[in-house]
Amino acid sequence: MPSESGSNRRPETGAFFQRDRTWHPPALTPGYKSSVLRSPQKALLSFDNTLSEIAGPVFGHAMLGELDADLIHNFARPGESAIGERIIVHGRVLDERGVGVPGVLIEFWQANAGGRYRHKKDGYLAPLDPNFGGCGRTITGEDGGYAFRTVKPGPYPWPNGPNDWRPAHIHFSVFGHGFAQRLITQMYFQGDPLIWKCPIVRGIADKAAIEALTAVLDTQATIPMDALAYKFDIVLRGRRSSLFENRLEGN
Amino acid sequence: MAQSLDRLKESPSQTAGPYVHIGLTPNFCGIDGVYASDLGSTMVNDRTKGERIGLKIRVLDGTGTPLKDALIEIWQADADGLYNSPAEMRGAADPNFFGWGRCPTDMETGVCAFETIKPGRVPFRDGSLMAPHITLWIVARGINLGLHTRLYFSDEEKANAMDPILARIEHRVRVPTLIAERQGDTYVFDIHLQGEKETVFFDS
């Protein structure tokens, strides 16, 4: 799947802004027990990006199927649809400079409306929905915009503390144009009281950072008599201008 | 007061969780019919240039137990050292090699098996050549921010000795944590998340 041919996008050869690791959750967040034995403890090796980090795979729209961005229907039997609150999730992928990032592959996955994942490791007693698989994907447009349809996932209990519940969330995997921009995160829903109790969320120190992962109800994007809408923007690392480096491309 | 830089903050990372397969390799976990195949599961075809190699990678936790719910992505240059990417200004990469692959760890053994080619050498920022390497990105339940590192090759001793990234590792005893061992046509690589043999992870 080569990148879009005939693209007239300007080449992007600059290195990325340094990652603010105080904004992300640290590797070790003991309240989230799985991190205890899976968190590196030694200092990271820091260096300015080389081409190996500046370059990255870019996916073409041709890989997408007709229902890839419609989780209500992409696993459903013909004429049927998934059960749950019908929603649209939309937003833009931007970089830290505020520029929309086009041609970005976004993949998303989630539990069904009852909070149950279609996965053999999930034994929660809420039932599977025979018409819901739980995965989808799309590629951002020229302004970095994206949208997909799904049902609102349910909260669910998980084995961490004796009585921990995940807030309703959708997992997002995002590619930028450089492999150093690669990011996985989770989207939460405005007003969910479970957000502030969740040990995974609370690994993030800054309240503003948690709010940046909380989608806002967007009644202007709602489809009357069909679906509510939530807006969720995603920000990837910004790319430095290469003006003062070896070449002038990208300016 | 001064002007504002008006920069945005990167979206904070959150763990991929235990069900990462649903989103990234749905066919692997039994969700059939949504995508024809799992993205990144095939890296080479008959026309791809270069030496065919296998990679067998495991990710081990602080007790030495292999993770069985991790996912690894790899990113590499083609046989001539060119990336299939808009950032590649030196020429067109092999059209039969995308350079990116994705593999979940096996649910029984914890092994991630890639079939790829040995990459050529890519220039460092000063124009000198780095040793052949593959960039790795590791996510899993319990990993809050995806881990970046590199895999270098045990049969490239001379190039490894000159590599500018390996040269930056202060504690030389840790350099071997980035070097995969050749066994026939396969390179074996264990990633240690913690402990004496903790892999050198990158902040780049």
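The values are calculated or read from the model by the stated rules, or taken from the named source; none is laboratory data. Because the structure is a prediction, the values reported are computed rather than measured. Don't worry about glycine lacking a Cβ; one is built from the backbone with ideal geometry, like all the others, and counts go over all protein chains shown.
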Considering residues that are more than 10 Å from every other protein chain (Cβ to nearest Cβ), touching a residue at least 60 places away in the same chain (Cβ under 8 Å) and not hydrophobic (A, V, I, L, M, F, W, C), the number found within region A:177-215 is 2
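May I ask you to verify whether B:Leu71 is assigned to a loop (DSSP other than H, G, I, E, B), within 10 Å of chain A (Cβ to nearest Cβ) and either under 16 Å from the mean Cα position of the chain (by Cα) or of a type in the set (D, E, K, R) (or both)? Lay out the reasoning, then the answer.
Numbers: assigned to a loop (DSSP other than H, G, I, E, B): no; within 10 Å of chain A (Cβ to nearest Cβ): yes; either under 16 Å from the mean Cα position of the chain (by Cα) or of a type in the set (D, E, K, R) (or both): yes.
Spelling it out, it is not the case that B:Leu71 is assigned to a loop (DSSP other than H, G, I, E, B), within 10 Å of chain A (Cβ to nearest Cβ) and either under 16 Å from the mean Cα position of the chain (by Cα) or of a type in the set (D, E, K, R) (or both).
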Here are the criteria: (1) within 7 Å of chain B (Cβ to nearest Cβ); (2) modelled with pLDDT of 95 or more. Tell me which single one A:Arg9 does not satisfy.
(2)
For region B:5-22, how many residues meet the condition of being more than 7 Å from chain A (Cβ to nearest Cβ) and part of a loop (DSSP other than H, G, I, E, B)?
1
Single residue of region A:148-181 satisfying the filter (small (Gly, Ala, Ser) and under 12 Å from the mean Cα position of the chain (by Cα)) that is nearest to A:Val235 (Cα to Cα)
A:Gly176
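Can you tell me which residues in region A:80-136 are of a type in the set (A, V, I, L, M, F, W, C), part of a loop (DSSP other than H, G, I, E, B) and buried (at least 21 other Cβ atoms within 10 Å of the Cβ)? Even if it seems obvious, please write down each step before you answer.
Within region A:80-136, the first condition is being of a type in the set (A, V, I, L, M, F, W, C), and the residues that meet it are A:82-83, A:87-89, A:93-94, A:99, A:101, A:104-106, A:108-109, A:111, A:113, A:125-126, A:128, A:132, A:135.
In the following step, the residues that additionally are part of a loop (DSSP other than H, G, I, E, B) were identified as A:82-83, A:99, A:101, A:104, A:111, A:113, A:125-126, A:128, A:132.
A:Ala82, A:Val101, A:Val104, A:Ala111, A:Phe132, listed by residue number.
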Count of region B:104-136 residues which are surrounded by fewer than 19 Cβ atoms within 10 Å (Cβ to Cβ), within 13 Å of chain A (Cβ to nearest Cβ) and not in a loop (DSSP other than H, G, I, E, B):
2
For region B:75-93, pairs from a residue that is within 9 Å of chain A (Cβ to nearest Cβ) to a residue that is modelled with pLDDT of 95 or more and surrounded by fewer than 21 Cβ atoms within 10 Å (Cβ to Cβ), with Cβ under 6 Å and 6 or more apart or across chains, are B:Ala77/B:Gly120
Could you tell me whether any residue of region B:87-101 is surrounded by 23 or more Cβ atoms within 10 Å (Cβ to Cβ), out of contact with any His (no Cβ under 6 Å at 6 or more places or on another chain) and outside any loop (DSSP other than H, G, I, E, B)?
yes
Residue list for region B:148-181, restricted to those being within 11 Å of chain A (Cβ to nearest Cβ) and in a loop (DSSP other than H, G, I, E, B):
B:Asp163, B:Pro164, B:Ile165, B:Ile169, B:Glu170, B:His171
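Has region B:138-147 got at least one residue that is more than 16 Å from B:Ala70 (Cβ to Cβ) and in a strand (DSSP E or B)? Walk me through it before giving the result.
So in region B:138-147, the residues more than 16 Å from B:Ala70 (Cβ to Cβ) come out as none.
No, region B:138-147 has no match at all.
Does region B:25-60 hold any residues that are of a type outside the set (Val, Ile, Thr), under 19 Å from the mean Cα position of the chain (by Cα) and either over 24 Å from A:Phe108 (Cα atoms) or more than 10 Å from chain A (Cβ to nearest Cβ) (or both), and which are they?
B:Asp38, B:Ser41, B:Met43, B:Gly50, B:Glu51, B:Arg52, B:Gly54, B:Leu55, B:Lys56, B:Arg58, B:Leu60 - these are the residues of region B:25-60 that are of a type outside the set (Val, Ile, Thr), under 19 Å from the mean Cα position of the chain (by Cα) and either over 24 Å from A:Phe108 (Cα atoms) or more than 10 Å from chain A (Cβ to nearest Cβ) (or both).
Which one is farthest from the chain's Cα centre (by Cα), of the residues in region A:182-217 that are part of a strand (DSSP E or B) and not polar (S, T, N, Q)?
From region A:182-217, those part of a strand (DSSP E or B) are A:183-189, A:214-217; that's our starting set.
Adding the requirement that they be not polar (S, T, N, Q) leaves A:183-184, A:187-189, A:215-217.
On the way: A:Leu183: 7, A:Ile184: 6, A:Met187: 7, A:Tyr188: 10, A:Phe189: 13, A:Ala215: 11, A:Val216: 15, A:Leu217: 17 Å.
Only one residue fits best here, namely A:Leu217.
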So, in region B:131-142, exactly how many residues are free of Cβ contacts under 8 Å to residues at least 60 places away in the same chain and within 14 Å of B:Tyr83 (Cα to Cα)?
2
Would you be able to tell me the number of residues in region B:154-185 that are surrounded by 20 or more Cβ atoms within 10 Å (Cβ to Cβ) and either without any contact (Cβ under 8 Å) to a residue 12 or more places away in the chain or within 13 Å of the chain's Cα centre (by Cα) (or both)?
3
Filter result (surrounded by fewer than 18 Cβ atoms within 10 Å (Cβ to Cβ) and part of a loop (DSSP other than H, G, I, E, B)) within region A:41-72
A:Gln41, A:Lys42, A:Ala43, A:Leu44, A:Phe47, A:Asp48, A:Gly60, A:Leu64, A:Gly65, A:Glu66, A:Leu67
Taking region B:37-91 as the search range and keeping residues that are basic (Lys, Arg) and farther than 27 Å from A:Gly136 by Cα, which one is modelled with the lowest pLDDT?
B:Arg90
